[in-house]
Amino acid sequence: MITFSDKQLKIPNMQRPVYLVTGGMSKFGRAFPGTRTEELVIDAMTEAAEFIGMTPAKLKEYIHTCYYGHFADHFGDQLLGESVIHDRLGLDPLGNIGIKTGGATGGSTLWEAYKTVASGYSDCVLAMGWERMDEVPTDEGNSLISCAADKDWETPMGHIYTGYYAVMAQKYWQVFGKEEASFRRTLAEIAVKNRGYARMNPHAQGPMKITVEDVLNSPVVAYPLLALDCCLMSVGAACGILADEKTAFEMCDNPLRIDVTAGSHTLRVADRRDMEIPLLPNETKEQYADLGERFPGGDRYPGFTGFLAARMAAYYAYKLVGIQDPTDDLDLVELHDAFTISDIQSYEDIGIRPYGEGRTYVESGDCFHTNPITGEPGKLPANISGGLIGNMHAVGATGIMQVVEVAHHMWNRWGEMHGSQEKWDKFGREKPADWKDMQVKGAKRGLAISHAGVGSHVTCTILQHPDHLLKGGE
Amino acid sequence: MKVEHLASKEEDEKRGTVKVVNGRYKPSGLFHYISLNTPIKDENGTLMGITNPRDMTYIHSYGGEAVFFEGLGKGKLIASRCDNPDCVTKGSIYMPFRIHCPDCLAKNTPVDITDRARGGNVHSFMITERTGAFNTLPTPIKFVNVEFEGVCTILMGALAVGEPKMDMKVTPIFRTGDPQYIITDMLWVPVGTPADQLPEHYTF
Ligand SMILES: [Zn+2]
């Protein structure tokens, strides 16, 4: 049993509020043989500038510090790849630094940018993330990614990170999914939903109009994970511009309040020790007293079935901004759906549903843009961007893409940013005849979870409309 | 166990080796092979980029974990235990071996848990056909996560014989013949597996 001190559990108390001013994204794809990374990064930066009616040169005048999220140096065989980008963006002589936290790199980049503005060091900060995973053969890419696991204890076993991860999916499947065909179908519904939403997103790499049966009939990767349960491997860039209140309102009319928190857990799944469940505001200790009876094998926490890092990121974030219940207090979320089953695990870790009941978020229809059961708007739509399964997982950019996507809804500009024929044409993608504006009407608060691998790092970003701030942050 | 694309014995003999002499690494032999770049062009012959071949050998230190990796080749599973009387988690046994206690940071004591590991319980598992480059395990790989009585962590390994199931009892086997001094010197088999079914070089 391990415990945490009060000092470790302290809720962040920032020096001043921080705002998201704008954001931008490149096209996302599996490979861009004719494009250098800097071209993708400049695409993202240009979109961010144009979004608030500025030229890139004008936007650059505001920036005081730069954070660059880029996970896998190995892929490009270029150390200090961040410095290459910083130079190409012409942002000398500003201080800059690279951020690397695996799959959570994008979220961590925002976390750093946030703290830099909140502290007063900078009034305006660039958080730019990208990844380039097309420049090695796939099996070598898998081997490089496996080097993010423990080099001595894990990597030599197959050089396949998915395998180290998948044992957790297996445990969840057997303990909480009870190996039920109905649960397997619920997983498939997530894959159908996210790929379907990606069809409305011109940036997206993996749009597909498919059925639950298509998912269930897709090749087995590692049962219960099927090919269509898994996220994409992508190339692309995304950025966000964060500023203090005065600067933010100088740069645009409607910046959004942004708060970012982070948690961590062991790099090796093997090292997870037993502990009590850290509770979120909408949970009680009593409700979990019989978890092991309801779900035999489910009494070990976090065991292989929960992500402590996600739980702690949510713990800090909810108390920081005053979230009592994420389903009631938020209007939409973007979650790290690396696999359909880890998406369900996240619902529990961040308190959208209690541990063991994640599947009901899908089965109730709450996670859909339009609830398929009631035909009404979903209570808390998830991954309208298409997520990692349908849109992209260009590692260093992913966590930033999620936040930009949530923000588009809150700015009430989702339709404009995803529906413009010009953008579909520019990306060389065909706008579907049944394209639909997925704008979440009246969105005032949203959340994004950025997650690394087996759960070593997780960040939680909360966006709030400044006129609709929650009360009661501790 | 047969590995595809494994370097030949002759190739391996040419590859560099390292000794530690007077507290310093002393490499000898060839540590990298140089190949020329080749152009990458599209269908029209337009230059898109180049290949960058690179073949290197890293030098990697085991430090305080060497006792564990050396133990495998001798048929021993060496865990570590915090014996600091002031530690809140005193007495915890770690497998994976941790040089220091994660709570009090005192130096842990190596403990032989080979007997305890015989009859370990499979906490989870996964079968995968997919591997990365440089894999040396036969496919499909059958990952098993094994928990042991009195050990606070759950070790990942690979099952060499049979099909994995939740809560099956497994026992470790060790590459005592021709050890490679890496984690795959230890694999797992179901309890009761006869010795003649073990992979080449491995013993109980
Ligand atoms: Zn200790």
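For chain B, the 222 nm mean residue ellipticity estimated from helices alone, with every DSSP H stretch of n ≥ 4 adding -39500 (n - 2.57) and the total spread over all residues, rounds to -2000 deg cm²/dmol.
Rounded to the nearest whole Å², what accessible area per residue is found for chain B with the 1.4 Å probe? Walk me through the numbers before you get to the answer.
On the way: 11730 Å² over 204 residues.
On a per-residue basis, 57 Å².
As a ratio to 2.2 N^0.38 Å, the alpha-carbon radius of gyration for the range A:219-325 is 1.50. At an R0 of 60 angstrom, the distance between the Cβ atoms of residue B:67 and residue A:373 translates into a FRET efficiency of 0.55.
The accessible-area loss of the range A:253-287 on complex formation, taken against its chain alone with a 1.4 Å probe, reaches 20 Å² or more at A:268, A:270, A:271, A:273. With r defined as the distance between the Cβ atoms of residue B:26 and residue A:425 and R0 fixed at 60 Å, what FRET efficiency is calculated, to the nearest 0.05? Between residue B:26 and residue A:425 the formula returns 0.45. A dipole drawn for the range B:9-56 from +1 and -1 charges on Cβ atoms has a positive end, and of B:27, B:16, B:46 the residue lying farthest that way is B:27. Cα centroids of the range B:82-100 and the range A:3-60: 42 Å apart.
The heavy atoms of residue A:435 present about 60 square angstrom of accessible area, all protein chains included, probe 1.4 Å.
Compute the accessible area per residue over the range A:210-358, keeping the other protein chains in place, probe 1.4 Å, unit Å². Walk me through the numbers before you get to the answer.
On the way: 4460 Å² over 149 residues.
It amounts to 30 Å² per residue over the range A:210-358.
From the largest down, the range B:1-145 spans 71, 45, 31 angstrom on the principal axes of its Cα atoms. Rounded to the nearest 500, the helix-only mean residue ellipticity at 222 nm of chain A stands at -10000 deg cm²/dmol, with each DSSP H run of n ≥ 4 adding -39,500 (n - 2.57). Ligands, DNA and RNA left out, the accessible area of the range A:310-436 computed with a 1.4 Å probe is 49% carbon and sulfur. Taking the charge dipole of the range B:64-142 about its Cα centre, with +1 at Lys and Arg Cβ atoms and -1 at Asp and Glu Cβ atoms, the residue from B:80, B:122, B:96 reaching farthest to the positive side is B:122. For the range A:148-244, a Kirkwood hydrodynamic radius built from all Cα pairs, placed in the Stokes-Einstein relation at 4 °C and 1.567 mPa s, yields a translational diffusion coefficient of 83 µm²/s.
Reducing the range A:398-423 and the range A:87-162 to their Cα centroids gives an inter-centroid distance of 23 Å. Per-residue mean of foreign Cβ neighbours for B:135-145 is 5 (Cβ atoms of other chains, 10 Å radius).
Summing both sides, how much accessible area is buried between B and A? Use a 1.4 Å probe and give Å² to the nearest 100. Mind dumping the intermediate values first?
On the way: alone 13430 and 18200 Å², together 28130 Å².
Heavy-atom accessible area buried at this interface is about 3500 Å².
Label positions at residue A:55 and residue A:138, each projected 7 Å from the Cα along the C-beta direction, are separated by 4.5 nm.
Just to make sure I understand: if all protein chains stay in place, what is the order of A:115, B:74, B:90, A:441 by accessible area at 1.4 Å, largest first?
These residues rank, largest area first, as A:441, B:74, B:90, A:115.
So for the range B:118-197, Kirkwood radius off the Cα pairs, Stokes-Einstein at 4 °C and 1.567 mPa s: how many µm² s⁻¹? List each step's numbers first, then the result.
Values: Rh = 13.1 Å.
Reported coefficient: 99 µm²/s.
Per-atom-type breakdown for the range B:9-56 gives carbon and sulfur 54% of the accessible area (1.4 Å probe, protein chains only).
List the lysines whose Cα sits under 24 Å from the Cα of residue A:115, skipping any in the same chain fewer than 8 residues away. List returned: A:7, A:10, A:58, A:60, A:100, A:246, A:319, A:444, A:471. In this structure residue A:352 has an accessible area near 10 Å², from a 1.4 Å probe over the protein heavy atoms. Select from the range A:165-182 all residues whose loss of accessible area on going from the chain by itself to the full protein assembly reaches 10 Å² or more (probe 1.4 Å). When all protein chains are present, A:166, A:167, A:170, A:171, A:174 each give up 10 Å² or more of accessible surface. For residue B:19, the lysines whose Cα falls under 23 Å of its own Cα, not counting residues fewer than eight places away in the same chain, are A:151, B:9, B:74.
Give me the percent of the accessible area of the range B:59-204 that comes from carbon and sulfur atoms, probe 1.4 Å, all protein chains in place.
Working: 3160 of 6270 Å².
Heavy-atom surface of the range B:59-204 belonging to carbon and sulfur, 1.4 Å probe: 50 percent.
Determine how many Å³ per residue the convex hull of the Cα atoms of the protein assembly as shown encloses. Show your work: numbers first, answer last.
On the way: hull volume 121.0 nm³, N = 678.
Roughly 179 Å³ of hull volume per residue.
A straight Cα-to-Cα reach below 20 Å connects residue A:441 with the lysines A:193, A:379, residues fewer than 8 places away in its own chain not being considered. The accessible-area loss of the range B:109-134 on complex formation, taken against its chain alone with a 1.4 Å probe, reaches 10 Å² or more at B:123, B:124, B:125, B:126, B:127, B:128, B:130, B:131, B:132, B:133, B:134.
Of all GluC sites (Glu not before Pro) in the range A:225-331, which ones are in loop regions per DSSP and have a Cβ with at most 13 other Cβ atoms within 10 Å?
Numbers: sites: A:245, A:250, A:276, A:283, A:286, A:293; in loops: A:276, A:283.
In loop regions of the range A:225-331 (DSSP not H, G, I, E or B), the sparsely surrounded GluC sites (Glu not before Pro) are A:276.
Sorting B:15, B:54 by accessible area puts them as B:54, B:15; the probe is 1.4 Å, largest comes first, and only protein heavy atoms count. Averaging Cα coordinates gives a centre for the range A:445-473 and one for the range A:333-358; these two points are 14 Å apart.
Shown are A:155, B:139, whose ranking by accessible area with a 1.4 Å probe and every protein chain present, most to least, is B:139, A:155.
How many Cβ atoms of partner chains, on average, are near each residue of A:137-148 if near means within 10 Å of its Cβ? Can you show the working numbers first?
Details: counts 1, 3, 6, 3, 2, 6, 5, 2, 1, 5, 1, 0.
Other-chain Cβ atoms within 10 Å of each residue's Cβ, averaged: 3.
Highest GNM mean-square fluctuation, chain B, Cα pairs closer than 10 Å: which of B:178, B:167, B:12? Maximum among the listed residues: B:12. Accessible area of residue B:103 (1.4 Å probe, protein heavy atoms only, ligands and nucleic acids ignored): about 60 Å². In this simple spin-label model, placing a label point 7 Å from the Cα along the Cα-to-Cβ direction at both residue A:180 and residue A:2 gives a separation of 3.3 nm.
The values are calculated or read from the model by the stated rules, or taken from the named source; none is laboratory data. None of these values were measured; they are calculated from a predicted model. With ideal geometry, Cβ positions are generated from the backbone for all residues, glycine too; neighbour counts draw on all protein chains shown. To get the accessible areas, we keep the full protein, side chains included, count just its heavy atoms, and leave off ligands, DNA and RNA. Shrake-Rupley method; radii C 1.70, N 1.55, O 1.52, S 1.80 Å.
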